[in-house]
Amino acid sequence: MTIRFLLRALLSTLGTLIALTTLPAAAQPATPMRLPDTIEQRAAACIACHGREGSSSNAGYFPRLAGKPEGYLFNQLRSFRDGRRFNGHMVYMVQHLSDAYLLELARYFAELDLPYAKPVPSDASPEVLREGERLVRQGDPQRDLPACASCHGNALTGVQPAIPGLLGLPRLYVASQLGDWLTDSRHALPPDCMAEIGRKLTTADINAVASWLSAQPVPADAKAVAALPHPLPRPCSAMP
């Protein structure tokens, strides 16, 4: 009985091995998928928050990346990595990336030319919107507060190589970033002109500016202009 039992066990084991080695290809363990090492694939992680190809809507929080000046995007990525800007998700994403890698990402998004979403109608009062437009277009000379347009361009679409556009951004995002300048929670590479300007803002200023900017349509040509036709106002005169 013992010999028969052992023979049966051996035959059963051999049958199992033969069956395994003759399985069709579809039943074999799959080869691990290898993703292509392209800049599009590397940038895919950014799209999860910033929208398709970095072209987010203006109804949420995350800012648009597509079409922003390359120098601006590069500086912001470095600021997250080097501790001048604070966002847990962004710090995690870039903390181990080199300048060369960050520059490649910045160039990729800067070269994208994608349509902007239509602005979301503002629920701010007409008085708040008028004050926001005044600060954006004229500033407040009595407080030595320059107009946003004096640095970001008359069309508010930004200035090369490193000043961003202000249109097509969510109101919440604009308000939060201006609030960070006000509370000294955000910093830039020197000369940090927005740090000086931000300290002069009030919460009412921030609400007015963010409400007006987020409600404006983006012009057909939304690219940052090559250079300003006049010197930057103090304290931005040293801005590269």
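The values are calculated or read from the model by the stated rules, or taken from the named source; none is laboratory data. All figures in this text were calculated on a predicted structure; none of them were measured in a lab. Here the Cβ positions follow ideal geometry from the backbone for every residue, glycine too, while neighbour counts run over all protein chains shown.
Being charged (D, E, K, R), buried (at least 18 other Cβ atoms within 10 Å of the Cβ) and in a loop (DSSP other than H, G, I, E, B) is the filter here, so list the residues in segment 49-94 that pass it.
Within segment 49-94, Arg64, Lys68, Arg85 qualify.
Can you confirm whether Phe5 is among the aromatic types (Phe, Trp, Tyr), in a loop (DSSP other than H, G, I, E, B) and at pLDDT below 95?
Answer is no for this residue.
Might you check whether a residue that is free of Cβ contacts under 8 Å to residues at least 24 places away in the same chain, more than 29 Å from Pro119 (Cα to Cα) and not basic (Lys, Arg) occurs anywhere in segment 48-66?
no
In segment 33-48, how many are part of a helix (DSSP H, G or I) and either of a type in the set (A, V, I, L, M, F, W, C) or surrounded by 20 or more Cβ atoms within 10 Å (Cβ to Cβ) (or both)?
7
Which residue out of Ala124, Ala110, Ala162, Ala100 is among the aliphatic types (A, V, I, L, M) and surrounded by fewer than 14 Cβ atoms within 10 Å (Cβ to Cβ)?
Ala100
Within the set of pairs 6+ apart or on separate chains, which have a first residue in segment 182-203 that is charged (D, E, K, R), a second that is part of a loop (DSSP other than H, G, I, E, B) and surrounded by 17 or more Cβ atoms within 10 Å (Cβ to Cβ), and C-beta atoms under 7 Å apart?
Between residues of segment 182-203 that are charged (D, E, K, R) and residues that are part of a loop (DSSP other than H, G, I, E, B) and surrounded by 17 or more Cβ atoms within 10 Å (Cβ to Cβ), the close pairs are Arg186/Arg85.
Out of all the residues in segment 116-146, which are in a loop (DSSP other than H, G, I, E, B), of a type outside the set (Phe, Trp, Tyr) and within 19 Å of Tyr173 (Cα to Cα)?
If the condition is that a residue be in a loop (DSSP other than H, G, I, E, B), of a type outside the set (Phe, Trp, Tyr) and within 19 Å of Tyr173 (Cα to Cα), then Ala117, Lys118, Pro119, Val120, Pro121, Ser122, Asp123, Ala124 are the ones that fit.
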